[in-house]
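No value in this document is a laboratory result; all are computed from the given coordinates. Worth saying up front: this structure is predicted, and the values here are computed from it rather than measured. Virtual Cβ from ideal backbone geometry, glycine too; neighbours counted across all protein chains shown.
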Amino acid sequence: MNWRRLWAIVVKELRQLRRDRITLTMIVGIPVIQLVLFGYAINTNLRGLDAGIVDQANTAGSRALVLDMLATGVVAPVARAETPQELMAMIRQGRISIGIVVPPDFERRRIDGRAVAQILVDGSDTAVQAAAAQLMQVPIDSAVPDTRAPPTSTPAEGRISVVGFYNPQRRSAVNIVPGLIGVILTMTMVLFTAIAVVRERERGNMELLIATPLTSAELMVGKVLPYVAIGLVQTSVILALGTWLFEVPIRGSVLDVYLAAGLLILANLALGLLISTRAQSQFQAMQMTFFVFLPSILLSGFMFPFAGMPKLVQWLAEVLPLTHFLRLIRGVMLRGAGLSEMWIDVLALAVFTGVMMALAIARFRKRLD
C-alpha cells in the first residue's frame with residue numbers, strides 16, 4: 001500500500017465531488033429536508049380540520065356547544081348547511097372532513113340526558129376519526145346553565161355520537177392501498193423518464209437523434225407515451241391485489257380511477273423529463289428523483305395527516321402532484337365521488353403537467369454539449 005498514491009486518489013475524488021454541484025446539494029440538502037420535515041412539518045396531533053356545521057336547533061345552548069367544539073382547535077368551520085344530507089355531500093366531495101349536526105330538539109335531548117349532537121366523519125382517513133373522538137369530551141350542561149338539566153359539567157360520555165363513514169372498521173389497508181397507487185407511480189414514473197435523455201447521451205444514441213428531423217417536442221412526447229401504458233399496468237396490478245388481498249372497495253367509477261391515475265402518470269413523466277434535461281448522468285438523475293420523492297411521500301398526506309402540517313408546508317405540498325392525486329383516488333375509490341366533483345385537483349394536475357412539459361421542451365436541445 002503506497003500512501004502517497006492512496007492520498008492522490010482521495011484528493012482526486014474530493015475535487016471531482018466539488019465539481020459535482022448536484023451531489024454536493026444532496027449531501028447538505030437531504031439531511032436538512034429530513035430534519036425540517038420531521039421536526040417541523042410532521043405533526044400527528046391534528047388541528048384545524050375542515051368542518052361543516054348544521055345547527056337545526058339554533059338555541060343558546062346549541063350555539064354554545066358548537067363554540068365549545070370549535071374552541072378545542074380540532075375543527076375549523078369552513079361551511080354551514082341546513083341539513084345533514086348537505087354535509088354528507090360535502091364530505092363525499094372532499095370539501096370537509098367532519099360534519100357537526102345539532103338536531104332541532106337539542107334542548108329536550110339535553111334535559112332528558114340523550115345524545116344531543118352527532119359528528120359525521122370522513123372515515124377514508126383513519127387519523128381524522130381518531131381526532132374526531134376528542135369532540136366527544138366536550139362538556140354539555142356546563143355551557144348554558146339550566147335549572148331543569150342535571151347539575152353536571154362532566155364530559156359528554158356518549159351524549160355526542162361519532163359516526164365514521166366509508167371505513168367504519170377503521171382498517172388501515174382501506175386508507176393505504178389507494179395511496180400506494182400514487183406512491184408507486186411517483187417513484188417509478190419519475191425515475192424512468194429522469195434517466196431517459198441521460199441514457200441516450202451515455203449510450204451514444206443522442207448523435208443518431210440529432211441527425212433525425214425530430215423536433216424537441218416530438219422527442220419529449222414520444223418518450224413519455226410508452227411509459228403511460230406501463231403506469232396503467234402498474235395501476236391495474238395494485239387495484240387487483242388490493243381488492244383481492246385486502247378487500248379494498250371501489251365505490252366510484254373504475255374509469256375515474258384510471259383517469260386519475262393517467263393524470264398522475266403524465267404529471268410525473270413530465271417532471272421526470274425536466275429532471276433528465278438537467279442531469280448529466282444517470283446517477284445524478286436518480287439523486288434528483290429521490291430529492292423530489294422524499295417530500296412527496298412525506299407531505300402529500302400519505303404517511304402523515306395533511307391537516308396536521310403548518311400552513312406554509314401545506315402550501316408547499318399543494319405544488320406536489322401526489323397531494324392532489326391522493327384526494328382524487330380516495331374520493332373515487334372510498335367515497336364514490338366523481339372527478340367532476342373534485343375538478344380543482346384535476347385542474348391542478350393538468351396545469352402541473354403542462355408547465356413541466358413546457359419547461360422540459362424548452363430546456364432540451366438536440367446537441368451533445
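If you take the Cα centroid of region 1-33 and the Cα centroid of region 295-360, the two points sit 37 Å apart.
In order along region 260-273, the Karplus-derived 3J(HN,Hα) couplings, from 6.51 cos²θ - 1.76 cosθ + 1.60 at θ = phi - 60°, round to 5, 5, x, 5, 5, 4, 5, 4, 5, 5, 5, 5, x, 5 Hz, and Gly and Pro are given as x.
Just check region 75-114 against the gyration tensor rule for me: Cα atoms, a ≥ b ≥ c as the square roots of the eigenvalues, rounded for a/c under 1.5, and otherwise prolate or oblate depending on whether a/b exceeds b/c. Prolate, since a/c reaches 1.5 and a/b exceeds b/c.
Based on DSSP H segments of at least four residues, each scored -39500 (n - 2.57), the chain has a per-residue ellipticity at 222 nm of -19500 deg cm²/dmol. Between L49 and V75, A76, the built amide H atoms are under 5 Å apart, and every one of these is 5 or more places off in sequence or on another chain. Each residue of region 324-329 was assigned a 3J(HN,Hα) from its phi angle through the Karplus curve 6.51 cos²θ - 1.76 cosθ + 1.60 (θ = phi - 60°); the sequence is 6, 5, 4, 5, 5, 5 Hz, with glycine and proline shown as x. If R0 is 22 Å, the Cβ-Cβ spacing of S281 and I9 corresponds to a FRET efficiency of close to 0.65. Classify the chain as rounded, prolate or oblate, taking a ≥ b ≥ c as the square roots of the eigenvalues of its Cα gyration tensor: rounded when a/c is under 1.5, otherwise prolate if a/b is larger than b/c and oblate if not. Prolate, since a/c reaches 1.5 and a/b exceeds b/c.
Full extension of the chain between L312 and A217 yields a length gain of 30.7 nm, computed as 0.36 nm times the residue separation minus the alpha carbon distance. Computed about the Cα centre, the dipole magnitude for region 173-261 is approximately 60 debye when only Lys and Arg (+1) and Asp and Glu (-1) carry charge, each at its Cβ. If R0 is taken as 41 Å, the Cβ-Cβ distance between V319 and N2 corresponds to a FRET efficiency of 0.20. In the chain, the longest principal axis of the Cα atoms and the axis of helix 21-36 are about 10 degrees apart. If you line up the long axis of helix 343-363 against the longest principal axis of the chain, both from Cα atoms, how many degrees apart are they, to the nearest 10? So the helix axis and the longest Cα principal axis differ by about 20 degrees.
Scanning residues 5 or more positions from V162 or on other chains, those with amide H under 5 Å from its amide H are I119, with H placed 1.01 Å from N in the peptide plane. Would you work out if region 1-85 is rounded, prolate or oblate? Take a ≥ b ≥ c from the square roots of the eigenvalues of the alpha-carbon gyration tensor; rounded if a/c is under 1.5, else prolate when a/b is larger than b/c, oblate otherwise. The shape class here is prolate.
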